[in-house]
Amino acid sequence: VSHNMASLKTMCSRVIYLRKGEVVFDGPTEEGMGLYEADGRLSEGSWFKGEEEPPLVFTDMKVFNERGQETAVFDHGERMTIRMRYKSRRPVDGPSFGVSINKIDDVHCTCFTSIDDKLVIDRLDGEGVIELITPPIKLIAEHYFFSLTMRERGHGDLVVGQMGSTFHVRHPIFLSYPAYGIFREPGQWRHLADTARTLESSDAVG
(Lines give C-alpha, C1' and ligand atoms only; values in the text may rest on other atoms or scores of the structure.)
Protein backbone atom coordinates (compact mmCIF):
# COMPACT_ATOMS: atom_id res chain seq x y z
CA VAL A 1 0.00 0.00 0.00
CA SER A 2 1.61 3.25 -1.08
CA HIS A 3 1.10 6.89 -2.11
CA ASN A 4 4.56 6.91 -3.71
CA MET A 5 3.85 7.12 -7.42
CA ALA A 6 7.49 6.60 -8.40
CA SER A 7 7.68 3.28 -6.53
CA LEU A 8 4.37 2.09 -7.94
CA LYS A 9 5.40 2.96 -11.47
CA THR A 10 8.70 1.12 -11.06
CA MET A 11 7.48 -1.97 -9.24
CA CYS A 12 3.89 -2.60 -10.33
CA SER A 13 2.22 -3.48 -13.62
CA ARG A 14 -1.23 -3.47 -11.96
CA VAL A 15 -2.73 -1.31 -9.20
CA ILE A 16 -5.89 -1.20 -7.14
CA TYR A 17 -7.07 2.30 -6.26
CA LEU A 18 -9.21 2.70 -3.13
CA ARG A 19 -11.31 5.78 -2.40
CA LYS A 20 -12.81 5.85 1.11
CA GLY A 21 -12.43 2.10 1.35
CA GLU A 22 -14.12 1.39 -1.98
CA VAL A 23 -12.33 -0.08 -5.01
CA VAL A 24 -12.70 2.45 -7.83
CA PHE A 25 -10.05 1.03 -10.16
CA ASP A 26 -8.25 -2.27 -10.73
CA GLY A 27 -5.97 -2.39 -13.75
CA PRO A 28 -2.82 -1.05 -15.47
CA THR A 29 -0.57 1.16 -13.34
CA GLU A 30 -0.42 4.17 -15.67
CA GLU A 31 -4.20 4.38 -15.94
CA GLY A 32 -4.68 4.00 -12.19
CA MET A 33 -2.07 6.65 -11.43
CA GLY A 34 -3.77 9.05 -13.82
CA LEU A 35 -7.10 8.58 -12.07
CA TYR A 36 -5.51 8.99 -8.63
CA GLU A 37 -3.73 12.19 -9.65
CA ALA A 38 -6.88 13.66 -11.23
CA ASP A 39 -8.88 12.93 -8.07
CA GLY A 40 -6.21 14.52 -5.88
CA ARG A 41 -5.92 17.75 -7.89
CA LEU A 42 -6.70 20.74 -5.62
CA SER A 43 -7.56 18.47 -2.69
CA GLU A 44 -6.21 19.40 0.73
CA GLY A 45 -2.61 18.27 1.14
CA SER A 46 -2.12 15.33 3.50
CA TRP A 47 0.75 17.32 5.07
CA PHE A 48 -1.46 20.34 5.82
CA LYS A 49 -2.86 20.71 9.32
CA GLY A 50 -4.95 23.86 9.46
CA GLU A 51 -8.45 25.12 10.07
CA GLU A 52 -11.36 22.84 9.22
CA GLU A 53 -12.55 25.55 6.82
CA PRO A 54 -9.52 27.48 5.49
CA PRO A 55 -10.07 31.20 4.85
CA LEU A 56 -9.28 30.67 1.17
CA VAL A 57 -9.38 27.82 -1.35
CA PHE A 58 -7.76 27.42 -4.73
CA THR A 59 -10.59 26.59 -7.14
CA ASP A 60 -8.57 26.07 -10.33
CA MET A 61 -5.04 26.05 -11.69
CA LYS A 62 -3.62 25.99 -15.18
CA VAL A 63 0.00 25.71 -16.31
CA PHE A 64 1.29 27.16 -19.59
CA ASN A 65 4.54 26.86 -21.51
CA GLU A 66 6.50 29.73 -23.06
CA ARG A 67 4.24 29.62 -26.15
CA GLY A 68 1.14 30.19 -24.05
CA GLN A 69 -0.09 26.60 -24.47
CA GLU A 70 -1.64 24.79 -21.53
CA THR A 71 0.42 21.65 -21.02
CA ALA A 72 1.84 19.15 -18.50
CA VAL A 73 5.15 18.54 -20.33
CA PHE A 74 8.03 21.01 -20.24
CA ASP A 75 11.51 21.01 -21.67
CA HIS A 76 14.46 21.38 -19.31
CA GLY A 77 15.24 25.11 -19.11
CA GLU A 78 11.75 26.26 -20.07
CA ARG A 79 9.77 28.85 -18.10
CA MET A 80 6.32 28.02 -16.72
CA THR A 81 3.34 30.28 -16.17
CA ILE A 82 1.18 28.99 -13.31
CA ARG A 83 -2.24 30.60 -13.06
CA MET A 84 -4.30 29.94 -9.91
CA ARG A 85 -7.87 30.99 -9.26
CA TYR A 86 -8.90 31.44 -5.63
CA LYS A 87 -11.97 32.19 -3.56
CA SER A 88 -11.74 33.62 -0.06
CA ARG A 89 -14.28 32.81 2.63
CA ARG A 90 -13.34 35.89 4.65
CA PRO A 91 -10.99 38.88 4.26
CA VAL A 92 -7.32 37.87 4.40
CA ASP A 93 -4.69 40.40 5.50
CA GLY A 94 -1.19 40.39 4.05
CA PRO A 95 -1.51 37.12 2.09
CA SER A 96 1.58 35.39 0.73
CA PHE A 97 1.00 32.77 -1.93
CA GLY A 98 3.36 29.84 -2.42
CA VAL A 99 3.99 27.26 -5.14
CA SER A 100 6.22 24.31 -4.33
CA ILE A 101 7.59 21.78 -6.79
CA ASN A 102 8.11 18.23 -5.58
CA LYS A 103 9.29 15.07 -7.29
CA ILE A 104 6.62 12.42 -7.54
CA ASP A 105 8.44 10.49 -4.77
CA ASP A 106 7.80 13.49 -2.43
CA VAL A 107 11.33 14.92 -2.58
CA HIS A 108 10.95 18.70 -2.19
CA CYS A 109 12.75 20.54 -5.01
CA THR A 110 11.98 24.26 -4.69
CA CYS A 111 9.42 26.83 -3.60
CA PHE A 112 8.33 30.22 -4.94
CA THR A 113 6.55 32.67 -2.62
CA SER A 114 4.92 35.95 -3.54
CA ILE A 115 6.29 37.79 -0.49
CA ASP A 116 9.89 36.72 -1.13
CA ASP A 117 9.50 37.72 -4.78
CA LYS A 118 8.31 41.20 -3.73
CA LEU A 119 4.61 41.03 -4.56
CA VAL A 120 2.83 42.88 -1.74
CA ILE A 121 -0.92 42.34 -1.31
CA ASP A 122 -2.47 44.32 1.55
CA ARG A 123 -5.76 42.44 1.68
CA LEU A 124 -7.93 40.24 -0.48
CA ASP A 125 -11.58 39.41 -0.25
CA GLY A 126 -13.71 37.43 -2.69
CA GLU A 127 -12.44 35.80 -5.89
CA GLY A 128 -9.35 36.48 -7.93
CA VAL A 129 -6.41 35.11 -9.88
CA ILE A 130 -2.76 34.93 -8.87
CA GLU A 131 -0.11 34.17 -11.49
CA LEU A 132 3.50 33.02 -11.21
CA ILE A 133 6.04 33.07 -14.05
CA THR A 134 9.00 30.93 -13.07
CA PRO A 135 12.62 31.38 -14.04
CA PRO A 136 13.94 28.76 -16.49
CA ILE A 137 13.23 25.42 -14.80
CA LYS A 138 16.50 23.48 -14.62
CA LEU A 139 15.08 20.33 -13.02
CA ILE A 140 16.22 17.02 -14.46
CA ALA A 141 13.84 14.91 -16.57
CA GLU A 142 11.30 13.45 -14.13
CA HIS A 143 7.66 13.48 -13.00
CA TYR A 144 6.73 16.28 -10.55
CA PHE A 145 3.74 17.78 -8.78
CA PHE A 146 2.83 21.22 -7.43
CA SER A 147 1.72 22.15 -3.91
CA LEU A 148 -0.23 25.39 -3.47
CA THR A 149 -0.14 27.32 -0.20
CA MET A 150 -1.04 30.63 1.37
CA ARG A 151 0.14 32.28 4.58
CA GLU A 152 -1.47 35.19 6.38
CA ARG A 153 0.51 38.28 7.35
CA GLY A 154 3.54 37.58 5.20
CA HIS A 155 5.55 34.75 6.72
CA GLY A 156 2.83 34.08 9.29
CA ASP A 157 0.60 31.08 9.79
CA LEU A 158 0.13 28.58 6.98
CA VAL A 159 -3.64 28.65 6.44
CA VAL A 160 -4.04 26.96 3.04
CA GLY A 161 -2.38 23.82 1.68
CA GLN A 162 -3.65 22.07 -1.44
CA MET A 163 -2.32 19.60 -3.98
CA GLY A 164 -1.74 21.00 -7.46
CA SER A 165 -1.45 19.29 -10.81
CA THR A 166 1.38 17.05 -11.99
CA PHE A 167 3.82 17.65 -14.83
CA HIS A 168 6.86 16.17 -16.57
CA VAL A 169 10.21 17.74 -17.42
CA ARG A 170 11.92 16.18 -20.42
CA HIS A 171 15.56 16.01 -21.51
CA PRO A 172 17.40 13.19 -23.31
CA ILE A 173 20.45 13.23 -21.00
CA PHE A 174 19.70 15.01 -17.70
CA LEU A 175 17.85 12.19 -15.95
CA SER A 176 17.54 11.39 -12.25
CA TYR A 177 19.25 8.07 -12.95
CA PRO A 178 22.15 7.55 -12.71
CA ALA A 179 23.89 10.75 -11.58
CA TYR A 180 22.11 14.06 -12.16
CA GLY A 181 20.33 14.54 -8.84
CA ILE A 182 17.42 17.02 -8.86
CA PHE A 183 18.57 19.95 -11.00
CA ARG A 184 21.19 20.62 -13.63
CA GLU A 185 22.89 24.01 -14.01
CA PRO A 186 25.89 24.55 -16.30
CA GLY A 187 29.24 25.20 -14.64
CA GLN A 188 32.30 27.02 -16.02
CA TRP A 189 35.21 24.73 -16.82
CA ARG A 190 38.85 25.37 -17.75
CA HIS A 191 41.57 22.97 -18.81
CA LEU A 192 44.82 23.94 -17.10
CA ALA A 193 47.00 20.92 -17.80
CA ASP A 194 49.71 22.97 -19.57
CA THR A 195 49.96 25.41 -16.67
CA ALA A 196 49.70 22.97 -13.76
CA ARG A 197 53.32 23.55 -12.57
CA THR A 198 52.88 27.33 -12.72
CA LEU A 199 49.70 27.14 -10.66
CA GLU A 200 51.36 24.86 -8.08
CA SER A 201 54.25 27.33 -7.75
CA SER A 202 51.86 30.25 -7.34
CA ASP A 203 49.89 28.38 -4.67
CA ALA A 204 53.09 27.56 -2.78
CA VAL A 205 54.28 31.18 -2.83
CA GLY A 206 50.84 32.67 -2.10
Open item on the list: Taking the criterion of being under 16 Å from ARG79 (Cα atoms), charged (D, E, K, R) and in contact with a Gly (Cβ under 7 Å, 6 or more places away or on another chain), would at least one residue in segment 131-148 satisfy it?
Closed with: yes
- [ ] For SER165, indicate whether it is touching a Leu at 6+ places or on another chain (Cβ under 9 Å) and on the phi < 0 side of the Ramachandran plot.
- [x] yes
TODO: Name the single residue, out of those in segment 119-149 being surrounded by 19 or more Cβ atoms within 10 Å (Cβ to Cβ) and part of a loop (DSSP other than H, G, I, E, B), that is nearest to the chain's Cα centre (by Cα).
DONE: ILE137
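With respect to HIS171, determine if the residue is surrounded by fewer than 18 Cβ atoms within 10 Å (Cβ to Cβ) and either farther than 25 Å from PRO95 by Cβ or touching a Pro at 6+ places or on another chain (Cβ under 7 Å) (or both).
Against the criterion (surrounded by fewer than 18 Cβ atoms within 10 Å (Cβ to Cβ) and either farther than 25 Å from PRO95 by Cβ or touching a Pro at 6+ places or on another chain (Cβ under 7 Å) (or both)), HIS171 qualifies.
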Open item on the list: Here is a check on your reading of the model: is ALA179 of a type outside the set (Val, Ile, Thr), open to solvent by 50 Å² or more (accessible area, probe 1.4 Å) and modelled with pLDDT under 90?
Closed with: yes
Task: Scan of segment 86-113 for residues that are touching a strand residue (DSSP E or B) at 6+ places or on another chain (Cβ under 8 Å) and in a loop (DSSP other than H, G, I, E, B), ordered by number - done: ARG89, PRO91, GLY94, PRO95, ILE104
Open item on the list: Of all residues being of a type in the set (A, V, I, L, M, F, W, C) and outside any strand (DSSP E or B) in segment 27-63, which is modelled with the lowest pLDDT? Just the residue, please.
Closed with: ALA38
TODO: For residues that are among the β-branched types (Val, Ile, Thr) and within 27 Å of ASP117 (Cβ to Cβ), scanning just segment 152-176, find the one that is modelled with the lowest pLDDT.
DONE: THR166
- [ ] Report whether or not SER96 is open to solvent by less than 20 Å² (accessible area, probe 1.4 Å), of a type outside the set (A, V, I, L, M) and more than 15 Å from the chain's Cα centre (by Cα).
- [x] yes
Task: Filtered residues of segment 53-70 (kept if closer than 25 Å to LYS87 by Cβ, in contact with a strand residue (DSSP E or B) (Cβ under 7 Å, 6 or more places away or on another chain) and of a type outside the set (A, V, I, L, M)) - done: PRO54, PRO55, PHE58, THR59, ASP60, LYS62, PHE64, GLU70
- [ ] Report the residue count in segment 64-85 for those that are touching a residue at least 60 places away in the same chain (Cβ under 8 Å) and either closer than 18 Å to GLY126 by Cβ or outside any loop (DSSP other than H, G, I, E, B) (or both).
- [x] 5
- [ ] Looking only at segment 192-206, decide whether some residue is open to solvent by 40 Å² or more (accessible area, probe 1.4 Å), in contact with a Phe, Trp or Tyr (Cβ under 7 Å, 6 or more places away or on another chain) and either of a type in the set (S, T, N, Q) or modelled with pLDDT of 90 or more (or both).
- [x] no
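The values are calculated or read from the model by the stated rules, or taken from the named source; none is laboratory data. All values derive from a computational prediction rather than experimental measurement. We place every Cβ from the backbone using ideal geometry, glycine too, and count neighbours over all the protein chains shown. Heavy atoms of the whole protein, side chains included, go into the accessibility calculation; ligands, DNA and RNA do not. Shrake-Rupley method; radii C 1.70, N 1.55, O 1.52, S 1.80 Å.
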